[in-house]
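**Student:** Okay, here's the structure, questions in a sec.
Any read-out appearing in this document is the output of simple, stated calculations on the displayed coordinates, not a laboratory observation. Being a predicted model, the structure only gives us computed values, none of them experimental. Cβ coordinates were reconstructed from backbone atoms using ideal geometry, including for glycine residues, and neighbour counts include every protein chain displayed.
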Amino acid sequence: MNCIVIVGGGLSGLIAANFLARVGVEVTVIEKKSYPFHRVCGEYISNETIPFLNSIDLFPSEFNPPSITKFQLTSVNGKSARLPLDLGGFGISRYTFDNFLYRKASERGVRFLLNTEAEQIVFDGNQFRIKVGDQFLYGDVVMGSFGKRSRMDVAMKRTFIQKRSPYAGVKYHVRTDQPADQISLHNFKDGYCGISQIEDQKFTLCYLTHRDNLKKYGSIKAMEEVVLQKNPFLKSLFADSEFLYDRPEAINEISFATKQPVDNHVLMAGDAAGMITPLCGNGMALAIHSAKILSELILQFVRKEISREQMESSYQKKWNAMFARRLWAGRQIQQLFGAEWTSNLAVNLMHSVKPVAGFLIRQTHGSPF
Ligand SMILES: Cc1cc2nc3c(=O)[nH]c(=O)nc-3n(C[C@H](O)[C@H](O)[C@H](O)COP(=O)(O)OP(=O)(O)OC[C@H]3O[C@@H](n4cnc5c(N)ncnc54)[C@H](O)[C@@H]3O)c2cc1C
């Protein structure tokens, strides 16, 4: 019997674990934390994922995730434009969604090694050996779903990890007075902040900033007061919201550099294969979709319908065809954000040339799958 080891139990890892265990494949997930836990993420999921989530009984309907159908963009100096979203999305916290996927996967027989960090993966031509602490685990296939930045990237000497990246992310849950069906993206100098509703009438307020903002003002709070709140929409949002954590979740060194979807025979999914800029609100859809494509190929391999070589080359091809252009488009569009004149331009464009705005959004989103 083939054994599949999934390194990283975030969205892509949990989706693949559920998919494979459901059809009787033996799966072990190694996750360095334990559920439930908060993550830096805007927590808006594109509706393109719904058919697939329903098909494997993973749509989190029991939490009544709000449906989001409208988009608002504001510029650094507070100009605003609104647009209906073609496809739209739904909101659910990662705290709740990942825990729900973990519970489902456990019920389906997935073996979890929690609070356990994979340190090294070695492929000997036939089998993988994974080092965890002073023990080794063996697998026939290893899926790398260890997210945007991991010690696995260092251990595997992946190219993108050699360069520093200037982006940091910060997230809060708040109670506030915002339309439940709207996601807003507010620009500020060298960054942007999203807000949209999740379960239990809470909202996620999450932003990406250049690390220079943090360096210059010394603390998150000072930076928020001086930089973010120059945008009048953010000023009233910070003033009028009830913040539900003592302190925010924060991460740094977020990189949007190109990566390889197959690296040293490890099959990468989600951010480990390539990260789309968060303004697109599409990273989770990409994580789910890449996990689906990969799981289908792993299943064919397990059933001896394709060889390892075919599995790897087919995944590489499919990943590039489906996602490479979207990641590129996300990087280009991100350049319109975070400066006064370009963010004004983006808002004006959205306001007066709606088809152009719709076109830009479509460049980073996929079709329902
Ligand atoms: C600021 C910001 C806002 C965002 N907003 C949105 C949004 O609104 N909508 C959207 O769709 N996307 C958004 N994203 C993107 C989205 O969060 C990611 O694309 C998505 O979480 C990727 O899922 P993943 O499975 O690849 O990684 P993750 O969900 O990050 O999971 C990786 C897992 O691997 C584990 N891990 C790492 N290393 C090891 C190791 N060595 N051993 C064991 N475990 C390990 C980690 O603990 C983690 O649980 C945002 C991202 C950022 C930075």
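**Student:** Find, among the chymotrypsin sites (Phe, Trp or Tyr not before Pro) in the range 235-274, those assigned to loop by DSSP (not H, G, I, E, B) with at most 12 other beta-carbon atoms within 10 angstrom.
**Tutor:** 245
**Student:** How big is the shadow of the Cα convex hull of the range 1-67, averaged over all directions, in nm²?
**Tutor:** Averaged projected hull area, Cα only: 5.5 nm².
**Student:** Moving on to the next point. Just to check I understand the Karplus step: with θ = phi - 60° and J = 6.51 cos²θ - 1.76 cosθ + 1.60, what whole-Hz values come out for the range 41-54, glycine and proline as x?
**Tutor:** For the range 41-54, the Karplus curve yields 6, x, 6, 9, 10, 4, 5, 4, 7, 4, x, 5, 4, 5 Hz.
**Student:** Here's a follow-up. So what is the calculated 222 nm ellipticity per residue for the chain, using -39500 (n - 2.57) for each DSSP H run with n of 4 or more, over all residues, to the nearest 500 deg cm²/dmol?
**Tutor:** Working: 12 runs with 126 residues, N = 369.
Here the helix-only value at 222 nm equals -10000 deg cm²/dmol.
**Student:** Which trypsin sites (Lys or Arg not before Pro) does the range 300-350 hold that lie in a coil by DSSP with at most 10 other beta carbons within 10 Å?
**Tutor:** Within the range 300-350, the qualifying trypsin sites (Lys or Arg not before Pro) (loop, at most 10 other Cβ atoms within 10 Å) are 304.
**Student:** Given a 10 angstrom Cα cut-off, can you work out which residue in 252, 264, 213 is the most mobile in a GNM of the chain?
**Tutor:** Among 252, 264, 213, the largest GNM mean-square fluctuation belongs to 264.
**Student:** Moving on. With the cut-off at 16 Å, report for the range 104-186 the share of all Cα pairs above it, as a whole percent. Don't jump to the answer; show the numbers that get you there.
**Tutor:** Numbers: 2389 of 3403 pairs.
Above the 16 Å cut-off, the range 104-186 has 70 percent of its Cα pairs.
**Student:** For residue 32, give me every one of the aspartates and glutamates with a C-alpha distance below 12 angstrom, ignoring sequence neighbours fewer than eight places off in its own chain.
**Tutor:** 117, 119
**Student:** Now, a different point. Write down the Å³ per residue value for the convex hull defined by the alpha carbon atoms of the chain.
**Tutor:** Considering the Cα atoms of the chain, their hull volume per residue is 128 Å³.
**Student:** Taking the convex hull of the Cα atoms, report for the range 97-248 its projected area averaged over all directions, in nm².
**Tutor:** 12.7
**Student:** Report the calculated FRET efficiency for residue 305 and residue 138 (r = Cβ-Cβ distance, R0 = 22 Å), to the nearest 0.05.
**Tutor:** 0.45
**Student:** Also: What percent does the relative contact order of the chain come to when contacts are Cα pairs within less than 8 Å and at least six residues apart?
**Tutor:** Details: 772 pairs, mean separation 85.6, N = 369.
RCO, the chain: 23 percent.
**Student:** By how many degrees, between 0 and 90 and to the nearest 10, does the Cα long axis of helix 94-107 differ from the longest principal axis of the chain?
**Tutor:** Helix 94-107 and the main axis of the chain meet at about 20 degrees.
**Student:** In nm², what is the average projected area of the convex hull enclosing the Cα atoms of the range 194-323? Mind dumping the intermediate values first?
**Tutor:** Numbers: hull surface 43.1 nm².
Projected area, direction-averaged: 10.8 nm².
**Student:** Same structure, new question: Mind checking which of 40, 24, 56 is farthest towards the positive end of the range 3-70's charge dipole, using Cβ charges of +1 (Lys, Arg) and -1 (Asp, Glu) about the Cα centre?
**Tutor:** Positive-end residue among those listed: 40.
**Student:** Now a separate question. Beyond 12 Å, how much of the Cα-Cα pair distribution for the range 154-196 remains, as a whole percent? Display every interim value, and only then the final one.
**Tutor:** On the way: 665 of 903 pairs.
I get 74 percent for the Cα pairs in the range 154-196 exceeding 12 Å.
**Student:** While we're looking at this one, here's another question. Pick from 266, 226, 302 the residue whose mean-square fluctuation is largest in a GNM of the chain, springs joining Cα atoms under 10 Å.
**Tutor:** Result: 226 has the largest fluctuation of those listed.
**Student:** What angle do you read, to the nearest 10 degrees and between 0 and 90, between the alpha-carbon axis of helix 340-352 and the longest principal axis of the chain?
**Tutor:** The two axes meet at around 90 degrees.
**Student:** Please give me the summed charge of the neighbours of residue 173: other residues whose Cβ is under 14 Å from its Cβ, Lys and Arg +1, Asp and Glu -1. Before the final figure, lay out the partial values.
**Tutor:** Working: positive: 39, 94, 171, 175, 202, 247; negative: 43, 199, 200, 242, 246, 249.
Within the 14 Å Cβ shell, the charges total 0.
**Student:** Please figure out what share of the DSSP beta bridges in the range 3-364 is antiparallel and state it in percent, rounded to the nearest 5.
**Tutor:** Percentage antiparallel, nearest 5: 70.
**Student:** Oh, and also: Pick from 338, 13, 270 the residue whose mean-square fluctuation is largest in a GNM of the chain, springs joining Cα atoms under 10 Å.
**Tutor:** Highest fluctuation among the options: 338.
**Student:** Right, here's the next one. Given the pairs 33/221; 148/318; 70/221; 157/235, which span a C-alpha to C-alpha distance of over 32 angstrom in this model?
**Tutor:** From the list (33/221; 148/318; 70/221; 157/235), the Cα-Cα distance tops 32 Å for 157/235.
**Student:** Same structure, new question: For residue 359 and residue 313 in the same chain, what is the full-extension length gain: residue separation times 0.36 nm, less their Cα-Cα distance, in nm?
**Tutor:** Result: 13.4 nm gained on full extension.
**Student:** Rounding to the nearest 20 debye, state how big the charge dipole of the range 313-369 is about its Cα centre with +1 on each Lys and Arg Cβ and -1 on each Asp and Glu Cβ.
**Tutor:** Roughly 340 debye, rounded to the nearest 20.
**Student:** If R₀ is 22 angstrom, what is the calculated FRET efficiency for the pair residue 82 and residue 257, using the beta carbon separation as r and rounding to 0.05?
**Tutor:** Numbers: r = 33 Å, r/R0 = 1.50.
So, using R0 = 22 Å, E works out to roughly 0.10.
**Student:** Extent of the range 32-91 along each principal axis, from alpha carbon coordinates, in Å, largest to smallest?
**Tutor:** 41, 29, 17
**Student:** Please compute the net charge surrounding residue 296, taking Lys and Arg as +1 and Asp and Glu as -1 over other residues with Cβ under 12 Å from its Cβ.
**Tutor:** For residues surrounding residue 296, the net value is +2.
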